[in-house]
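A.B. asks: Sharing a structure, written as structure tokens. Questions coming.
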Amino acid sequence: MRAGLLTETIIIQKPVSVETRYSGKTTEYKDYITTKASVVHLAGSRRVTAGEIINDYSVKFIIRYYHQVTSDMIIVHAGARYRIQDINPEKSKQSKTITAEVINE
């Protein structure tokens, strides 16, 4: 892993179960790790659904190997939130490659 390539700051959030006012449960995401990453745009598309324009795109994040990341976490980068699709640990390079897609809210 070449640390000089990790130029972007990302926040990884983990899901936390929270009780609502009416004793129900909901899932919120709380900050878990703030770290540096290499960010590469993979693919994008644009479609119209229910009269709304939806821009979908995928991004690849490369982070250090020792971060404990699971597929139910969310990545926040440059004001956008990303859903993790795949985590590929590469022990020989001491890195993890995470493929994620933008969450359209």
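A.B. asks: Grab the beta carbon distance between Tyr22 and Lys60, set R0 = 30 Å, and tell me the FRET efficiency rounded to 0.05.
C.D. replies: E between Tyr22 and Lys60, to the nearest 0.05, is 0.15.
A.B. asks: What FRET efficiency comes out for Ala3 versus Thr97 if R0 is 22 angstrom and r is the Cβ-Cβ distance? Round to the nearest 0.05.
C.D. replies: Efficiency at R0 = 22 Å is approximately 0.90.
A.B. asks: Putting +1 on Lys and Arg Cβ atoms and -1 on Asp and Glu Cβ atoms, find which of Ala37, Ser71, Ser92 reaches farthest to the positive end of the dipole of the chain.
C.D. replies: Ser92
A.B. asks: A follow-up question, please. Suppose each label sits 7 Å from its Cα in the direction of the beta carbon; what would the Thr49-Arg83 distance come out to in nanometres?
C.D. replies: 0.8
A.B. asks: Here is a follow-up. Within the chain, how many lysine pairs that are 8 or more places apart, or on different chains, have C-alpha atoms less than 22 Å apart?
C.D. replies: 14
A.B. asks: From the phi angles alone, apply the Karplus equation (6.51, -1.76, 1.60; θ = phi - 60°) to segment 38-48 and give each ³J(HN,Hα) in whole Hz, x where the residue is Gly or Pro.
C.D. replies: 9, 10, 10, 6, 9, 7, x, 8, 10, 9, 10
A.B. asks: In whole percent, how big is the carbon plus sulfur part of the accessible area of the chain, probe 1.4 Å, protein atoms only?
C.D. replies: Accessible surface attributable to carbon and sulfur in the chain totals 47 percent.
A.B. asks: Any idea how far apart Glu105 and His67 come out in nm if each label point goes 7 Å out from Cα toward Cβ?
C.D. replies: Reported label-point gap for Glu105 and His67 is 1.9 nm.
A.B. asks: Something else now. Do you know the relative contact order of the chain, to the nearest whole percent, from alpha carbon pairs under 8 angstrom that are 6+ apart?
C.D. replies: 25
A.B. asks: Quick one: Karplus J couplings for segment 98-105, per residue in order, coefficients 6.51, -1.76, 1.60, θ = phi - 60°, nearest Hz, x for Gly and Pro?
C.D. replies: With coefficients 6.51, -1.76 and 1.60, one gets 10, 9, 9, 10, 5, 9, 7, 10 Hz.
A.B. asks: Hey, of (1) 23, 13, 13; (2) 31, 14, 12; (3) 26, 21, 11, which did the structure itself give for semi-axes √(5λ) of the Cα gyration tensor in Å when calculated?
C.D. replies: Label (3) holds the value from this structure.
A.B. asks: Shifting gears a bit: At 1.4 Å probe radius, can you tell me the per residue accessible area of the chain in Å²?
C.D. replies: Accessible area per residue, the chain: 66 Å².
The values are calculated or read from the model by the stated rules, or taken from the named source; none is laboratory data. Note that this is a predicted model, so its numbers are computed, not measured. Cβ: placed from backbone, ideal geometry, glycine included. Neighbour counts: every protein chain shown. For the accessible areas, the whole protein counts, side chains as well, though only heavy atoms, and no ligand, DNA or RNA atoms are used. Shrake-Rupley method; radii C 1.70, N 1.55, O 1.52, S 1.80 Å.
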